[in-house]
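Please treat every number below as a calculation from the coordinates, not as lab data. Everything numeric in this text was worked out from a predicted model, so none of it was measured. Glycine gets a Cβ as well: all are built from the backbone with ideal geometry, and neighbour counts include every protein chain shown.
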Amino acid sequence: MAVKRPKKSKEDIQKFKRKHRIEIVLNDFEMQAFANYCKKYKVDNKAKFIRETVMTTVLKKFDEDYPTLFEMPGQLKLDF
């Protein structure tokens, strides 16, 4: 049975509409590696994959760089 989702308003649609374009250029080796990855892991939507990968990296870096109350210079960070 399909799950019914609430309809999105026109404001929501406009708010999340993608209107900024970024282009990247890859060399032959990078393109072949990307194509092989997509084939091996069955990535159908390459634009979505790249967008999610980039935004995950950006948000993770923002989280790591966020100042904390008790952060001290030279403090050892342990990643688990």
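Given R₀ = 41 Å, FRET efficiency for Lys15-Glu64 by Cβ-Cβ distance, to 0.05? With R0 = 41 Å, the Cβ-Cβ based efficiency is 0.90.
I need the calculated FRET efficiency for the pair Ala2 and Ile50, taking r as the beta carbon distance and R₀ as 41 Å, to the nearest 0.05. Display every interim value, and only then the final one.
On the way: r = 29 Å, r/R0 = 0.72.
For Ala2 and Ile50, the calculated efficiency is 0.90.
Computed from the Cα positions only, the extents of region 1-44 along the three principal axes stand at 44, 33, 6 Å, in decreasing order.
Taking each pair of distinct Cα atoms in region 25-65 once, what is the resulting Kirkwood hydrodynamic radius in Å? The partial results should precede the final answer.
Numbers: mean 1/r = 0.0872 Å⁻¹.
The Cα-based Kirkwood calculation yields 11.5 Å.
Simple rule: put +1 on each Lys or Arg Cβ and -1 on each Asp or Glu Cβ in the chain, find the dipole, and look at Phe34, Thr53, His20; the Cα lying farthest toward the positive end is His20.
So which of Lys10/Lys42; Lys19/Lys60; Lys7/Lys40; Lys17/Lys60; Lys8/Lys46; Lys8/Lys61 end up more than 28 Å apart, counting from Cα to Cα? Could the numbers behind the result be given before it?
Working: Lys10/Lys42 33 Å; Lys19/Lys60 24 Å; Lys7/Lys40 36 Å; Lys17/Lys60 23 Å; Lys8/Lys46 25 Å; Lys8/Lys61 31 Å.
Listed pairs above 28 Å: Lys10/Lys42; Lys7/Lys40; Lys8/Lys61.
Expressed as a fraction of 2.2 N^0.38 Å, the rule-of-thumb size for a compact globular protein of N residues, what is the C-alpha radius of gyration of the chain? Each step should come with its number before you reach the end.
Values: Rg = 19.3 Å, N = 80, 2.2 N^0.38 = 11.6 Å.
The value comes to 1.66.
Divide by every residue of the chain the summed helix terms, -39500 (n - 2.57) for each DSSP H run of at least 4, and state the resulting mean residue ellipticity at 222 nm, rounded to the nearest 500 deg cm²/dmol.
Values: 3 runs with 39 residues, N = 80.
Mean residue ellipticity, 222 nm, calculated: -15500 deg cm²/dmol.
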